[in-house]
1. Could you give each residue of region 115-123 its phi-based ³J(HN,Hα) in whole Hz, using Karplus coefficients 6.51, -1.76, 1.60 with θ = phi - 60°, and x for Gly or Pro?
2. Pull out the extension gain between Leu31 and Lys112, defined as 0.36 nm times the separation in residues minus the alpha carbon to alpha carbon distance; nm, one decimal.
3. With +1 on each Lys and Arg Cβ and -1 on each Asp and Glu Cβ, how big is the dipole of region 97-138 about its Cα centre, in debye rounded to the nearest 20?
4. Could you give me the ³J(HN,Hα) list for region 73-89, computed from phi with Karplus coefficients 6.51, -1.76, 1.60 and θ = phi - 60°, whole Hz, x at Gly and Pro?
5. Give me the extension gain from His119 to Thr138: residue separation times 0.36 nm, minus the current Cα-Cα distance, reported in nm with one decimal.
6. What list of ³J(HN,Hα) couplings, whole Hz, do you get for region 14-31 from phi and the Karplus terms 6.51, -1.76, 1.60, once you set θ to phi - 60° and write x for glycine and proline?
7. With labels modelled as points extended 7 Å from the Cα through the Cβ direction, what inter-label distance (nm, one decimal) is found for Asp79 paired with Leu43?
8. If the limit is 29 Å between Cα atoms, which of Lys74/Lys96; Lys16/Lys42; Lys91/Lys112 go over it?
Amino acid sequence: MADGYLLDAKDEVLQKASIEANESGSILPLLKVEIQCKIKQKLLEKGEDEIKLMMSSPPRKRRTELTPEELEKKKIRQDQNKRAAKKFRLKEKAKKTCLDWEIKEQRERNEKLRSQVQHLELEIANMWKILSNIKNET
């Protein structure tokens, strides 16, 4: 009877993991349960007691009131961060603009080269015609 209860409990854990996997679109919850079962199986084969796997997030720090000096430092850091973020965004925008301009120039150059290749291919074809005409006349 105890084994049946244990089996039901494992089925619940497996069902929860299955539901979580379906909701998240990831197989990690199922893999986690499988790994836990394999660890328990290895421990039981060695005759050791099961270990309880505690998977929880670390405790959160308590928020305390900040002193006026700490508030001032925090505000200064926030202002510095805002300026740095703005500078970074402007720099990235300038880089993107430069790359867009370079892409445009390379496309124009590519188009000119293709046109030049086409012109040269026509010129070669005309030369071959002239050569074949000269060859046929002789």
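1. Listing the rounded values in order: 5, 5, 4, 4, 4, 5, 5, 5, 5 Hz.
2. 23.5 nm
3. Its charge dipole is roughly 160 debye.
4. So the Karplus estimates, Gly and Pro as x, are 4, 4, 5, 4, 5, 5, 5, 5, 5, 4, 5, 5, 5, 5, 4, 5, 4 Hz.
5. Details: separation 19, 0.36 × 19 = 6.84 nm, distance 2.92 nm.
This chain segment gains 3.9 nm when fully extended.
6. Those phi angles translate into 5, 5, 4, 5, 5, 4, 4, 5, 5, 5, 8, x, 10, 8, 4, x, 5, 5 Hz.
7. 5.6 nm
8. Details: Lys74/Lys96 32 Å; Lys16/Lys42 23 Å; Lys91/Lys112 32 Å.
In this structure, Lys74/Lys96; Lys91/Lys112 exceed 29 Å between Cα atoms.
Throughout, read-outs are computed from the coordinates displayed, never taken from laboratory work. Predicted model only: the values in this text are computed from it and were never measured. Cβ: placed from backbone, ideal geometry, glycine included. Neighbour counts: every protein chain shown.
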